[in-house]
Amino acid sequence: MKKQTTIRKYGKQHTKPKRSRIFAELPQTPVRAAQALGEAALEDDALAKVTEKLSTVQIQDENTPPPDVVEPVKRPRGRPRTSKVGPEEPTKCQTPQVVLSPAGSTKSEPPAEPSALTQGQDLKVLSWSEVCPPGDRIVKIAEASYAEVYRVTNERGTSIIKVIRMESPIKPQTKAQEKAGLVDEEPHSEADLVGELKISEWLADIPGFVVYKERYIVQGKACREVLETHQAFHKKLKRQDPDRLQFYPSPSRYLDGTKFLVVELGDAGTALEDFELTTADQLWDIFFHVTVALARAEAHIEFEHRDLHEGNLCIRRTGDPIPAEHRNRSGHFGFSGLEITILDYGLSRACPDYENEDSVPVAYDMERDLSLFASEHAAQCEVYRQMRSFLLRGDRVCLPPKSHRQPYEEGIDGPIDWKQHEPYTNVLWLAYTYRYMTDNFRGPKKELNAFKRLTKELWLYLNPKADDGVPGFESASDIVRFAVESGWIEEDQLMGGREEAERSILSVLVDDGPNVDGAGMADISLRRTPRRSCQRIVTKA
């Protein structure tokens, strides 16, 4: 018998969630306290006393002078925006080098300010042979926005490492490589790296996101194992897509001075693009595990992923599937034995303290390279255009590649600013995930047809190509509401999580006002467009 449901309405009535609507009271990443000035002064005095006694010994300075500041990207003039003006971009990433002072020097240089990348830490420097010593196995598994992703396995366990090339020397391309049309991914400065590292730490305690372990520098020529897995990875991709270009330099071109920032993460499983989907239970669980994770992150740090394609979503089996005859629930969620992990926050946006007016969001400025919106080499490229079109127009219309040639173009809120919070970008990527899974399903057709039939109304509101008069979801949280109202997910399934730290996910879905029905769901205003209805607050100069 079909479950009776109430009339559903979509959208948010608040400018931003209240504190009582946050999913999880999660421990925050510890903040490294700056050393007190008094302690620094004492250390300087002690150092001065020692150096006064030295005359012929060469003194090793621990720090280099601060590097030049990277000029922030200048935006064209436009009407005032609501997003806050952030600080200048961090300085270019430069690893401190050892400098020998002239003999007889007795004066110590003042210490340079700690790098934003290292956050006061001394990052250890390893060689590739130390990253993958004899007995370990390294496999290249993906290429992210600006990083190569490897899985390293040994008797102690498995880790995922993201390898990001920093500004450092590398061998030029050979004539054969130039003829093949290889396109080198540009090295990245500190300004490109700090944001993702911050977001990784903010998300680490939210279920569904990768566990952050540590980061370090890898420098020098590549070992044989790295070169072999790089070649095997690209041979596999060439078989799948003969026209695909190689964007990352071959490890054979690494020099003694070639440097990489390596971020080590917990093992996330198998990428969705390599996972064979064979049951409808897998479709239900993967889609709604991703949706719930994004909804939690939206509420906790106003998170938008902005690059959630099949290579950045991993699947891992944590239990056995539950047969239909052994199920004690009437819904469709939680029977496959699978869990998901969301990777790669290189293009993401987040704000950890969004209720504080002085809080500045962390976001990658996608206006810096508009080629992302002009590319048509993969299905995911359309989602990039959908996101930017939404910032320009505020509706579902996706502008063609030729309409994305002017950076910081004037949109409905002024010049495009990727720091602006628009959770509809998460909806666009969830729609992409839905289509990808149904298009690549390898199980019985009757199971796929049953899944599509049950989720027909969901897809109607999720579809970015729906007619103008069709209501649309504004956020991942809206989709979770819909799933609970439809009886697909039960409330107790949304409680707990990593170390049982979270409250029910519904604590962020229910308004504080009296307009709550008997099922505990909020009355949400009907929206004919995914555009947020709240008024922007214009800050005066």
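Please go through region 360-375 and pick out each residue that is farther than 12 Å from L347 by Cα, assigned to a loop (DSSP other than H, G, I, E, B) and either in contact with an Asp or Glu (Cβ under 8 Å, 6 or more places away or on another chain) or aromatic (F, W, Y) (or both).
P361
Being at pLDDT 95 or above and aliphatic (A, V, I, L, M) is the filter here; which residues of region 412-440 pass it?
I416, V427, L428, L430, A431, M437
Within region 320-332, is even one residue under 22 Å from D439 (Cβ atoms), in a loop (DSSP other than H, G, I, E, B), in the same structural domain as R385 (by TED's automatic domain parsing) and touching a residue at least 40 places away in the same chain (Cβ under 8 Å)?
yes
For every residue, the table says whether it meets (1) exposed (fewer than 14 other Cβ atoms within 10 Å of the Cβ); (2) over 30 Å from P242 (Cα atoms); (3) among the acidic types (D, E).
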| site | (1), (2), (3) |
| --- | --- |
| H404 | no, no, no |
| Y408 | no, yes, no |
| D413 | no, yes, yes |
| Y432 | no, no, no |
| N449 | yes, yes, no |
| R453 | yes, yes, no |
| E457 | yes, yes, yes |
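Which of the residues spanning region 380-436 are farther than 27 Å from L313 by Cβ, of a type in the set (G, A, S) and assigned to a helix (DSSP H, G or I)?
Hit for region 380-436 is S403, nothing else.
Inspect region 261-269 for any residue being in a helix (DSSP H, G or I) and either within 23 Å of the chain's Cα centre (by Cα) or closer than 30 Å to A450 by Cβ (or both) and give the result as yes or no.
Within region 261-269, none of the residues are in a helix (DSSP H, G or I) and either within 23 Å of the chain's Cα centre (by Cα) or closer than 30 Å to A450 by Cβ (or both).
Please state which one of E409, E367 is on the phi < 0 side of the Ramachandran plot, touching a Leu at 6+ places or on another chain (Cβ under 8 Å) and modelled with pLDDT of 95 or more.
E409
Determine whether region 302-311 contains at least one residue that is small (G, A, S), assigned by TED's automatic domain parsing to the domain that holds T455 and either touching a Cys at 6+ places or on another chain (Cβ under 7 Å) or more than 20 Å from L462 (Cα to Cα) (or both).
yes
Which residues, taken from region 137-174, are acidic (D, E), surrounded by fewer than 16 Cβ atoms within 10 Å (Cβ to Cβ) and closer than 21 Å to G220 by Cα?
E167
Somewhere in region 369-392, is a residue more than 26 Å from V480 (Cβ to Cβ), of a type in the set (F, W, Y) and either in the same structural domain as G411 (by TED's automatic domain parsing) or in contact (Cβ under 8 Å) with a residue 60 or more places away in the chain (or both)?
Yes; the residues of region 369-392 include at least one that is more than 26 Å from V480 (Cβ to Cβ), of a type in the set (F, W, Y) and either in the same structural domain as G411 (by TED's automatic domain parsing) or in contact (Cβ under 8 Å) with a residue 60 or more places away in the chain (or both).
Filtering region 340-390 down to residues that are of a type in the set (K, R) and buried (at least 16 other Cβ atoms within 10 Å of the Cβ), which residue is farthest from W418 (Cα to Cα)? Quick ask: steps written out before the conclusion?
Let us first name the residues in region 340-390 that are of a type in the set (K, R), namely 349, 368, 385, 388.
After this cut, where a residue has to be buried (at least 16 other Cβ atoms within 10 Å of the Cβ) as well, the list is 349, 385, 388.
On the way: R349: 8, R385: 13, R388: 9 Å.
That would be R385.
If only one of L308, L294, L283 is assigned to a helix (DSSP H, G or I) and within 23 Å of K213 (Cα to Cα), which one is it? Write out each step before concluding.
Working: L308 fails: assigned to a helix (DSSP H, G or I); L283 fails: within 23 Å of K213 (Cα to Cα).
Criteria check complete, one pass: L294.
Please state which of the following conditions E304 fails to meet, knowing it meets all the rest: (1) crowded, with 21+ Cβ neighbours inside 10 Å; (2) farther than 20 Å from F473 by Cα.
E304 satisfies every listed condition except (2).
Name the pairs: first residue in region 228-245 and closer than 17 Å to G311 by Cα, second residue modelled with pLDDT of 90 or more and assigned to a helix (DSSP H, G or I), Cβ to Cβ under 7 Å, at least 6 apart or on different chains?
Filtered contacts from region 228-245: H230/P251.
So if I check each of L272, L237, L261, which one is surrounded by 16 or more Cβ atoms within 10 Å (Cβ to Cβ), over 11 Å from R165 (Cβ atoms) and of a type in the set (A, V, I, L, M, F, W, C)? Before the answer, list the steps.
Details: L237 fails: surrounded by 16 or more Cβ atoms within 10 Å (Cβ to Cβ); L261 fails: over 11 Å from R165 (Cβ atoms).
Within the list L272, L237, L261, the selection yields L272.
The values are calculated or read from the model by the stated rules, or taken from the named source; none is laboratory data. Bear in mind that the values here come from a model prediction, so they are computed numbers and not experimental data. Heads up, the Cβs are rebuilt from the backbone with ideal geometry, glycines too, and the neighbour counts pull from every protein chain shown.
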